[in-house]
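Below: the structure, in structure tokens.
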Amino acid sequence: MDGEKFSVEAGKPILCKAAVARKPGEPLVIEEIIVAPPSHHEVRVRIICTTLCHSDVTFWKMKVYIFSLSISESLSACITASTLTVRFFLSVIACNSLKDYPAVFPRILGHEAIGVVESVGEDVDEVVEGDVVIPVFLPDCGDCADCKSKKSNLCSKFPFKPSPWITGDKTSRFTDVKGEVLYHFLNVSSFTEYTVLNTANIVKIDPSIPPSKACLLSCGVSTGVGAAWKTANVEAGSTVAIFGLGSIGLAVAEGARICGATKIIGVDVNQEKYELGGVYCNDLCLMLYFHFQTGKNFGITDFVNVGECGDKPVSQVINEMTGDGADFCFECVGLASLMEQAYACCRKGWGKTIILGVEKPGSQVTFPCSDVLVGGKTLIGALFGGLKAKSDIPILLKRYMDKELELDKFVTHEVSFEDINKAFDLLLEGKSIRCVIWMDK
């Protein structure tokens, strides 16, 4: 894939097609929109292909419930959505107007993609027109204390929140042909032929990498693989337990496999269609249940069916399987009870429990004080798997090109942009892990 050069439309608005989410849960509408030129520290990118993530579906269905707080506090949005599929985006966000809420429409969704820089704004020096880039939802400005430190991937200059605006500016770069504002999504908005991003939200990559594989590292696969590689630092010969075998859980398994774990235990719910093979999806919770053979393709060596544990808590089953507990436990669902179970079967002395799933706002986890004091365990959360986008994504892409990281198996379907709603159907029906949506095919 070679880079391209643009110049005709640079500095001018562009008329292009986008898939707009007009109302919660309704099919996206392919329509013409106007994309403004990039401003200070921004780039306008032509999207080559994008993918659909569970978080897109969750925000697509999301509705907002507003609660009254004390006079000294601003209103906050409490979101009711599937906690089984929202990994890390839900939070209670203080705001002063309805437009600041995560569930706002009309909106251009999408946050996993790859594209070519069409034009650049003022003071942009890290990319030029024609560079191939991956957009990322988590900013990496490179200037703040957090971005300069190896200890954190949480940018303090642009703290992450699911804002409807472009990063660093409470305005939108999108309008429809009638002049109505269209809102951004997770700092990216990739369900459009052109989008505008802050340079903190892009990573320049090698243009020779297949776009349908590179785009996977915008979010989901990077989160799972990164959690095993960077946050947990899974060691060769270790035992890993993964709670939830959705796309993130499978990506954790892939990361653990690469790191050399010898026992990778998948923990999930066993439905009837799980036994019959293929893939099953409960539309209520949007949770994927994979046949064990599918899990084995990602390195899973053992499976625990939560529904068949009887009176035993799943942590006890895993402790019995491993003897002393798993060296590394990953909670990829977003349930407080599973977080507690993961911690309970994490090995004393050196075990690590990594939280990737997100519970509904206000939920709490409870641990015995003696377990915390005497157990010597570590509990840590990992937004974006702990990766620093600009430095770590190129490393993952190199490992893919070196045939260490297997990205191809995550792509189960490919559709044209006009068929983007089919991608939603496939995910809701549990028939895909990642569906690549091509803009020009």
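The values are calculated or read from the model by the stated rules, or taken from the named source; none is laboratory data. This one's a predicted model, so the numbers in the text were calculated from it and none came from an experiment. Please note: Cβ atoms are built from the backbone with ideal geometry, for glycine as well, and neighbour counts cover all protein chains shown. Keep in mind that these areas ignore ligands, DNA and RNA; they rest on the heavy atoms of the full protein, side chains included. Shrake-Rupley method; radii C 1.70, N 1.55, O 1.52, S 1.80 Å.
Below is a table of values for the structure above.
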item: Residue that is farthest from the chain's Cα centre (by Cα) [pool: residues in the range 324-366 that are open to solvent by less than 10 Å² (accessible area, probe 1.4 Å) and more than 21 Å from Gly226 (Cα to Cα)]; result: Gly325
item: Filter result (in contact (Cβ under 8 Å) with a residue 60 or more places away in the chain and of a type in the set (Gly, Ala, Ser)) within the range 6-37; result: Ser7, Ala10, Gly11, Ala18, Ala19, Ala21, Ala36
item: Selected residue (criterion: nearest to Leu428 (Cα to Cα)) from residues of the range 219-262 that are assigned to a helix (DSSP H, G or I) and of a type in the set (S, T, N, Q); result: Ser247
item: Residue in the range 90-106 that is touching a Gly at 6+ places or on another chain (Cβ under 9 Å), at pLDDT below 95, in a loop (DSSP other than H, G, I, E, B) and open to solvent by less than 20 Å² (accessible area, probe 1.4 Å) present; result: yes
item: Pick from the range 140-173, criterion open to solvent by less than 30 Å² (accessible area, probe 1.4 Å) and within 18 Å of Asp392 (Cα to Cα), ranking: farthest from the chain's Cα centre (by Cα); result: Cys144
item: Selection status of Gly386, surrounded by 20 or more Cβ atoms within 10 Å (Cβ to Cβ), closer than 18 Å to Val252 by Cα and within 23 Å of the chain's Cα centre (by Cα); result: yes
item: Residue match in the range 211-231 (condition: over 30 Å from Lys377 (Cα atoms), at pLDDT 95 or above, in contact with an Asp or Glu (Cβ under 6 Å, 6 or more places away or on another chain) and crowded, with 24+ Cβ neighbours inside 10 Å); result: yes
item: Residue satisfying condition, being within 20 Å of the chain's Cα centre (by Cα) and acidic (Asp, Glu), within set Asp419, Asp392, Asp371, Asp402; result: Asp392
item: Conditions (1) open to solvent by less than 70 Å² (accessible area, probe 1.4 Å); (2) aliphatic (A, V, I, L, M); (3) at pLDDT 95 or above; number of the one not met by Met401; result: (1)
item: Meets criteria (touching a strand residue (DSSP E or B) at 6+ places or on another chain (Cβ under 7 Å) and either modelled with pLDDT under 95 or not assigned by the TED database to the domain that holds Ile205 (or both)) for Gly381; result: yes
item: Filter pass, Arg44 being buried (at least 21 other Cβ atoms within 10 Å of the Cβ) and among the basic types (Lys, Arg); result: yes
item: Complete set of residues in the range 117-139 that are of a type in the set (Val, Ile, Thr), touching a Lys or Arg at 6+ places or on another chain (Cβ under 7 Å) and either surrounded by fewer than 23 Cβ atoms within 10 Å (Cβ to Cβ) or not assigned by the TED database to the domain that holds Ile33 (or both); result: Val127
item: Selection status of Glu414, at pLDDT 95 or above and closer than 29 Å to Ile30 by Cα; result: yes
